[in-house]
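Structure, as structure tokens:
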Amino acid sequence: MELLVIFKTKKLPRHHQFLFASVVKSALSNSNPEMQKKMYQYSENQANKMMRPFTGAIYLNKYILENGEFSIQGDVRLTMSSPDAEFMLYLYNGFVQQQCFKYQSYELTLEKIQILPQKLPKSNRALMKTNSPIIVKNSLGKYLDIDDPSYVTELNYAANECMKSIMGRSLYEPIAFTPISMRKKVVQLKHDKFAKLNDKGILYMNAHEGNFILEGHPEDLSILTQAGLGFRRALFFGHIEMINE
């Protein structure tokens, strides 16, 4: 299931992934506080690190970047995808009910929300494209380039953990990933918890975007198309779309 959420705002921070994560969390809390608490909070003082059942992509329409902020002349479009229809319907209702979202000094107003048609694989092979870059890392926390020998192994690990979290089972079979026209992109996350990494408090990650062939069990491919690929999916990375089979 896929949603398009359109906002109006005057400004956004350059690093805005955590802003939109807060918006999603707020909308879900508004419509189903228990689901939000279960998804985001392990205990009273500890965040839940479970894999969340969604991915997404953020698109800014007509903007100027100056002094670390985006000045928005158009609108801001958040696309979200998940195989969990119940979660998505609560999220839809939360957006509709709340309308206005605040994060630090920024404010977003809901302009439109709609359910989008979504093409899902029915065979064991599909041509895909990224709507937001795919991030893959190994067990040591190193973010991998696409030509790293362990890239597909770690991509399978992330996909398998995602499947266990959402569906309660492992992949029916390992996925195969073949780049067609992929390019590297270094993406950034900024948050107080990254303050010890460098003086800017920014986490830099290797990511990749473009077209690729994804192979595997048809049911797995359908779930992964909706849930996304790789790591940091709940921060709007790894959103993919089927071009054709």
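Just so you know, all these numbers are worked out from the coordinates, no wet-lab data involved. Predicted, not measured: the structure shown is a model, and the values here were computed from it. Here the Cβ is made from the backbone with ideal geometry for all residues, glycine too, and neighbour counts use every protein chain on show.
Using only the Cα atoms of the range 92-185, what are the Rg and Dmax in Å?
18.1, 47
Angle, helix 151-167 long axis vs. longest principal axis of the chain, Cα atoms, 0 to 90°, nearest 10?
70
For Q41 and S170, FRET efficiency with R0 = 25 Å and r from the beta-carbon atoms, rounded to 0.05?
Computed FRET efficiency for S170 and Q41 comes out at 0.40.
Taking the Cα-to-Cβ direction at Q97 and at K10 and moving 7 Å from each Cα, how far apart do the two end points lie in nm?
In this crude spin-label approximation the distance works out to 3.0 nm.
Of Y151, I213, Q188, whose Cα points farthest to the positive end of the dipole of the range 125-244 (charges on the beta-carbon: +1 Lys, Arg; -1 Asp, Glu; origin at the Cα centre)?
Of the listed residues, the answer is Q188.
Just to confirm a number: summing +1 for Lys and Arg and -1 for Asp and Glu over residues other than S222 whose beta-carbon lies under 11 angstrom from that of S222, what do you get?
0
Is there a quick way to get the dipole size of the range 2-116? I mean about its Cα centre, with the Cβ of Lys and Arg at +1 and of Asp and Glu at -1; what is the value in debye to the nearest 20?
200
I want to check the label-to-label distance for Y204 and I64. Put each point 7 Å from Cα in the C-beta direction and report it in nm to one decimal.
Result: 2.9 nm between the two label points.
Would you calculate a helix-derived [θ] at 222 nm for the chain, using -39,500 (n - 2.57) for each DSSP H run of n ≥ 4 and dividing by the full residue count, to the nearest 500?
-8000 deg cm²/dmol
Could you sort 137-144, 219-226 so that the peptide with the highest average Cβ count within 10 Å comes first and the rest follow in order?
219-226, 137-144
Please compute P(r) over all alpha-carbon pairs of the range 2-116, binned at 10 Å starting from zero, and give each bin as a whole-number percent.
Histogramming the range 2-116 at 10 Å steps yields 13, 46, 31, 9, 0 percent.
Quick one: divide the alpha-carbon radius of gyration of the chain by 2.2 N^0.38 Å and tell me what you get.
Scaled against compact globular proteins, the figure is 0.99.
Got the relative contact order for the chain handy, in percent, Cα pairs under 8 Å and 6 or more residues apart?
Rounded, it is 28 percent for the chain.
Would you compute the Debye intensity of the range 125-244 from its alpha-carbon atoms alone, equal scatterers and no solvent, and pass along log10 I(q)/I(0) at q = 0.16 Å⁻¹ to two decimals?
At q = 0.16 Å⁻¹ the computed log10 ratios are -0.73.
Which distance in Å, rounded to a whole number, links the C-alpha centroids of the range 61-133 and the range 203-242?
Computed from Cα coordinates, the inter-centre distance equals 16 Å.
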